[in-house]
Each structure stands twice: as C-alpha cells, then as structure tokens.
Amino acid sequence: KPKDTRLGVDVAGQVEAVGRNVTQFKPGDEVFGSCRGAFAEYACTPESALVSKPNNVTFEQAASVPVAAYSALQGLRDKGHIQPGQRVLINGAAGGVGTFAVQIAKSFGAHVTGVCSTTNVDMVRSIGADRVIDYTQEDFTKGTERYDLIFDCVGNHSLLACRRVLNPKGIYIGVGGPSGRWMIGPLASAITALVLSRFVNQKFVTFIAKRSKEDLTMMHDLMEAGKVTPVIDKRYRLSEVPEAIRYLEEGHARGKVVITLEVNNKT
C-alpha cells in the first residue's frame with residue numbers, strides 16, 4: 001500500500017456535514033474543489049477549497065477540474081498574459097492539463113493550435129482547437145508557423161527548439177516534462193529557462209500552480225457558460241484506484257481519469 005494514505009486531491013460530491021463556522025455551504029449542496037484524501041467515501045476540507053458545482057456538468061466532470069484547470073488557467077493568464085487574437089500552441093493538447101488549456105485559451109479569444117497523437121486529433125479539434133498537429137507526422141518546432149505563446153505540457157523538445165517557432169517577444173510556458181525525469185528534468189528546464197530569458201527578448205517560464213478559490217469560481221463560470229467541458233477518458237471504482245494510477249502513469253490518458261463511488265447501486 002502507499003506510504004501516503006491521503007491520496008487524491010481533486011474532489012466533487014455532496015456536502016454531508018459542515019462545521020459551526022462554515023457559512024457558504026450546507027448539507028446537501030453539490031460542490032467541487034480540492035482536499036487531501038479524496039480517494040474515499042468521505043473527505044474533509046476547508047470551505048475555501050470548494051465552490052458550487054454547475055448544474056450542467058456531472059460530478060465526474062467537476063471532480064476532474066481543479067489541479068489541471070489551475071495549471072492551464074494560471075499558466076496561460078498569469079504567466080503567458082494571453083490576449084485575444086494571439087496564436088497559441090498547446091503541446092500535449094489531449095492530456096489532462098492540455099484539454100483544459102485548449103478550451104481556456106479559446107475562451108480568451110486566442111487562435112489555438114493543439115499538438116497530439118493521431119488517435120486524439122478529432123477529439124482535440126472537437127474541444128475547440130483551430131488547428132491540430134499530429135506529432136507522429138509533423139514536428140511543430142520545424143514548421144513555418146510562429147506563435148505568441150507556447151504552452152508545453154510535455155517537455156519533449158528543447159527550449160532552443162521551441163524558441164525557433166516563438167515570435168520575437170513570444171512566451172514559452174513549461175508545465176510538464178517527460179516521465180522518468182521526475183525532479184531533475186523540471187529543475188534543469190527551470191534553470192535553462194531562467195538563463196535563456198536573460199539573453200533573449202523571448203520569455204521562458206516554468207511554474208507550479210496554486211490553489212485558488214477565485215480561479216475555481218472562474219472555472220465554474222466557464223463550465224456553466226458552456227465554454228469549458230471536461231474530457232473524461234476512463235472511470236474506475238474506488239476499489240480500482242491502483243489500476244487507475246497505473247493507467248495514468250503510462251502517460252497516454254485522453255483528458256482525465258476519475259474515481260467514482262457506488263452508493264446504493266448508483267454511481
């Protein structure tokens with residue numbers, strides 16, 4: 001069994017009970033947000049970590065939102081300073097963060113190019129990408145297109161290669177890296193980005209997203225307005241959490257993987 005038994009961060013469900021100082025929610029409210037220990041029938045978290053669930057999304061969809069959406073939203077808006085009309089490339093557009101990044105970038109009025117595998121081209125186009133590059137057929141770093149913003153969820157190209165397709169004052173945002181590199185890869189990328197940014201007009205940024213009630217509320221509004229629809233790849237029962245984690249670690253999930261609870265024979 002895992003050493004850390006408080007597995008799971010994203011959560012959605014119905015409020016069962018509240019503390020005496022809680023004012024925003026009451027038992028029966030449908031909410032989503034984050035906590036430690038979400039792989040459980042019951043979980044406890046501060047009210048500041050939750051917002052109301054939109055009526056037009058399922059619990060499964062809502063549970064897939066927080067961390068991935070924070071990464072996409074904070075990266076594009078706060079680090080990338082995304083603007084309407086900009087040309088934005090999402091590398092890893094079919095993944096958990098990438099599917100949110102495509103839709104969030106479109107909500108800001110950007111022209112979005114998504115990079116993914118052959119099997120995911122239609123899906124990425126269906127969530128709003130204006131152009132989709134199949135990485136098995138084309139290397140975006142060797143193309144003629146130039147981008148104002150590159151949002152990289154994969155980290156499978158060097159920063160120098162990405163720089164080639166950035167506009168003179170473009171911004172590169174790194175939010176992921178190849179599996180197996182763990183801390184060394186992201187640390188090396190962060191150092192390279194810092195050094196490179198000191199010598200060129202382009203900007204290279206790596207970051208870690210932070211929990212934000214305001215950003216969670218923004219995701220509520222985007223989903224309620226139909227501008228963002230979470231993409232669910234697979235669903236696992238609570239007893240199948242180990243299988244779910246193994247599948248996720250393979251690195252080929254389309255969108256998000258969720259854990260569902262069966263209560264009174266209902267999911």
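The values are calculated or read from the model by the stated rules, or taken from the named source; none is laboratory data. Computed from a prediction, not measured in an experiment: that's the story for all the values here. Virtual Cβ from ideal backbone geometry, glycine too; neighbours counted across all protein chains shown. Protein only, heavy atoms only, side chains kept; ligands, DNA and RNA dropped before computing areas. Shrake-Rupley method; radii C 1.70, N 1.55, O 1.52, S 1.80 Å.
For region 25-52 and region 130-175, what is the separation of their Cα centres, given in Å?
Centre-to-centre (Cα) distance: 37 Å.
Work through the residues other than L261 whose Cβ is under 9 Å from its Cβ and net out their charges, Lys, Arg +1 and Asp, Glu -1.
It works out to a net charge of -1.
Once both labels are modelled 7 Å past Cα along the beta-carbon direction, what's the R237-C44 spacing in nm?
2.8 nm
How big is the gap, in Å, between the Cα center of region 2-23 and the Cα center of region 82-98?
If you average the Cα positions of each part, the centres end up 31 Å apart.
So how do K227, K169 rank on accessible area, 1.4 Å probe, biggest first, that is with the largest at the start? If you can, show how the numbers build up before the last one.
Details: K227 115, K169 170 Å².
Final ranking, largest accessible area leading: K169, K227.
If you take the alpha carbon radius of gyration of region 106-168 and divide it by 2.2 N^0.38 Å, what ratio comes out, to two decimals?
Cα Rg divided by the expected 2.2 N^0.38 Å: 1.10.
Using a probe radius of 1.4 Å on heavy atoms only, what accessible surface per residue do you get for the chain? Whole Å² is fine. Let's see the in-between values first.
Working: 14570 Å² over 267 residues.
On a per-residue basis, the chain sits at 55 Å².
At 1.4 Å probe size, what's the solvent-accessible area of R235? Round to the nearest 10 Å².
130 Å²
Select from K234, K142, K106 the residue whose mean-square fluctuation is largest in a Gaussian network model of the chain (Cα-Cα springs shorter than 10 Å).
Comparing K234, K142, K106 in the GNM, the peak value goes to K142.
Can you give the longest run of the chain that contains no GluC sites (Glu not before Pro) sitting in a DSSP loop with at most 16 other Cβ atoms inside 10 Å?
Free of exposed loop sites, the longest segment is 146-249.
Once both axes come from the Cα atoms, what is the angle between helix 96-107 and the longest principal axis of the chain, in degrees from 0 to 90, rounded to 10?
Between helix and principal axis, roughly 70 degrees.
Within the chain, what is the longest stretch that has no chymotrypsin sites (Phe, Trp or Tyr not before Pro) placed in a DSSP loop and near at most 12 other beta-carbon atoms within 10 Å?
43-181
Would you mind checking region 221-258 for residues with the amide N under 16 Å from a putative spin-label position 7 Å along Cα→C-beta of N156?
Counting backbone N atoms under 16 Å from the label point, the list is 249-255.
Where the eigenvalues come from the Cα gyration tensor of region 27-122, what are the semi-axes √(5λ) of the equivalent ellipsoid, largest first, in whole Å?
They are 29, 16, 12 Å, listed from largest to smallest.
I'd like to know which of T217, L149, A12 lies farthest towards the positive end of the charge dipole of the chain, counting +1 on Cβ of Lys and Arg and -1 on Cβ of Asp and Glu.
Highest projection toward the positive end goes to L149.
Helix 184-197 versus the longest principal axis of the chain: what is the Cα-based angle in degrees, 0 to 90, to the nearest 10?
For helix 184-197, the angle is close to 50 degrees.
Tell me the accessible surface of T45 in square angstrom (1.4 angstrom probe, heavy atoms of protein chains only), to the nearest ten.
About 40 Å², ignoring ligands and nucleic acids.
Computed over the Cα atoms, what is the radius of gyration of the chain divided by 2.2 N^0.38 Å, N being its residue count? Kindly include the intermediate steps, with their values, before the conclusion.
Values: Rg = 18.9 Å, N = 267, 2.2 N^0.38 = 18.4 Å.
Expressed relative to 2.2 N^0.38 Å, the Cα Rg reads 1.03.
Treat each spin label as a single point 7 Å out from the Cα along the C-beta direction, and report the E250 to K213 distance in nm.
Going by the 7 Å Cα→Cβ label model, 4.0 nm.
How much accessible surface does L7 have with a 1.4 Å probe, in Å² rounded to 10?
Roll a 1.4 Å probe over it and L7 shows about 60 Å².
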